[in-house]
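I have placed the structure first, in the form of structure tokens, so that the comments after it can refer back to it.
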Amino acid sequence: MRLDSDDPATLVSFYRNALGMTPTELEDGSVLLQAPARRMLIGRGARGAQPFVAFRVQTADQLVAFRRHIARRNLEALASPSLLFAPGAFAVRDPDGRLAVFGLPRADLPEVRQVGFASQLPGRLQHVVVASNRLPPMLRFYEEDLGFVVSDYVFEGDGRSEPTVGFLRSDPEHHSFGVFRCPETRPDHHAYETTCWNDIRDWADHLATLDIKLWWGPGRHGPGNNLFFMIQDPQGYLVEISAELEIMPDELVKRSWKHEERTLNLWGPAFMRS
């Protein structure tokens, strides 16, 4: 994914120190930040903007087949904005104006290195979640047009109203993308999946050495059943450290949850977007 800022150097410094990601300046002036199993781009632009999120497909044949699927849905395949993807990558624009990019990584990307303690902590970039004031068209776009599979919807009242949250997957893990109903359209959080509860402890201890306080958690989500805590970056964007995210069998029918605090945190207080 790419995050933009009017002060990109501050964001680069934060993610380098907090998540152990090594920065490399790219030819367009953006900065690639990476550590084992996690990559992101920081660019100069409107503060808090998230121009795109990018999904790696598994094979070149899959990418060609997905482009055909996009054409059948009468969606325009746009040029990929990501310098991390090889030729053949493409993007589509969602109802909020964000680009969803699909492709395969370039073969000549800088080597991923482990530099410092944080880079050795497990933290695979696992999902991105956004907030939207156009939730119904966003959910329809990602489920019906792009073919993401719904794991869980959250509803108010008796469940016959429009959803307030949707969690969608593109592989067996509970969600790789999610959308919350919110009065404003904005990025919500990006999450890094660890291997166990002890990793949650080690990440929290590391962040404590940097005087970065936990913003929410530790807790356990209802949808996804994962252990988590969240911190904030300098622009207020939330970063989640997660463990034990639920694996979803292919035959599992999408489930429903009640729109209440306990759904978002089985253990205690929740961050309610709407």
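Of all the accessible heavy-atom surface of region 173-274, with the other protein chains kept in place and a 1.4 Å probe, what percent is carbon and sulfur?
Here it works out to 53 percent.
Answer rounded, prolate or oblate for region 78-229, using the Cα gyration tensor with square roots of eigenvalues a ≥ b ≥ c: rounded when a/c is under 1.5, else prolate when a/b is larger than b/c, else oblate.
Judged from the Cα gyration tensor, region 78-229 comes out oblate (a/c at least 1.5, b/c at or above a/b).
What 222 nm value per residue comes from the helices of the chain, counting each DSSP H run with n ≥ 4 as -39,500 (n - 2.57) and dividing by all residues, nearest 500 deg cm²/dmol?
-5500 deg cm²/dmol
Near G48, within a Cβ-to-Cβ distance under 14 Å, what is the net charge of the other residues, with Lys and Arg +1 and Asp and Glu -1? Could the numbers behind the result be given before it?
Working: positive: R2, R44, R47, R98, R186; negative: D4, D6, D7, D96, E184, D188, D233.
Its environment carries a net charge of -2.
Given Cβ point charges of +1 (Lys, Arg) and -1 (Asp, Glu) and nothing else, what value in debye, to the nearest 20, does the dipole of region 64-152 about its Cα centre take? Don't jump to the answer; show the numbers that get you there.
Values: 11 positive and 9 negative charges, 32 e Å.
That gives a dipole near 160 debye.
Nearest 5 percent is fine: what portion of the DSSP beta bridges confined to region 15-143 is antiparallel?
Beta bridges within region 15-143, antiparallel portion: roughly 75 percent.
For a quick protection proxy, order the peptides 248-260, 171-183 by their average other-Cβ count within 10 Å, most packed first.
So the peptides 248-260, 171-183, ranked by packing, come out 171-183, 248-260.
State the antiparallel share, in %, of DSSP beta bridges confined to the chain, rounding to the nearest 5. Each step should come with its number before you reach the end.
Details: 43 of 66 bridges.
Percent antiparallel among DSSP bridges in the chain is about 65.
Per the 1.4 Å probe, what fraction of the accessible area of region 41-128, in percent, lies on carbon and sulfur atoms? Present the calculation step by step, with values, prior to reporting the outcome.
On the way: 2430 of 4750 Å².
Of the solvent-accessible surface of region 41-128, carbon and sulfur hold 51 percent.
Note down the relative contact order for the chain as a percent, whole number, built from C-alpha pairs under 8 angstrom at least six residues apart.
Over the chain, the number comes to 16 percent.
Distance between the C-alpha centers of region 215-274 and region 164-179? Whole Å please.
11
Using a 7 Å offset from Cα along Cα-Cβ at A46, what residues in region 64-102 end up with backbone N under 18 Å from the label point?
So the set is 81, 93-100.
Keeping every protein chain present and rolling a 1.4 Å probe, give me the accessible area per residue for the chain in Å².
For the chain, the solvent-accessible area averages 46 Å² per residue.
The values are calculated or read from the model by the stated rules, or taken from the named source; none is laboratory data. Only a predicted model underlies this, so the values are computations on that prediction, with no experimental measurement involved. Positions of Cβ are backbone-derived with ideal geometry, glycine not excepted, and every protein chain shown enters the neighbour counts. Heavy atoms of the whole protein, side chains included, go into the accessibility calculation; ligands, DNA and RNA do not. Shrake-Rupley method; radii C 1.70, N 1.55, O 1.52, S 1.80 Å.
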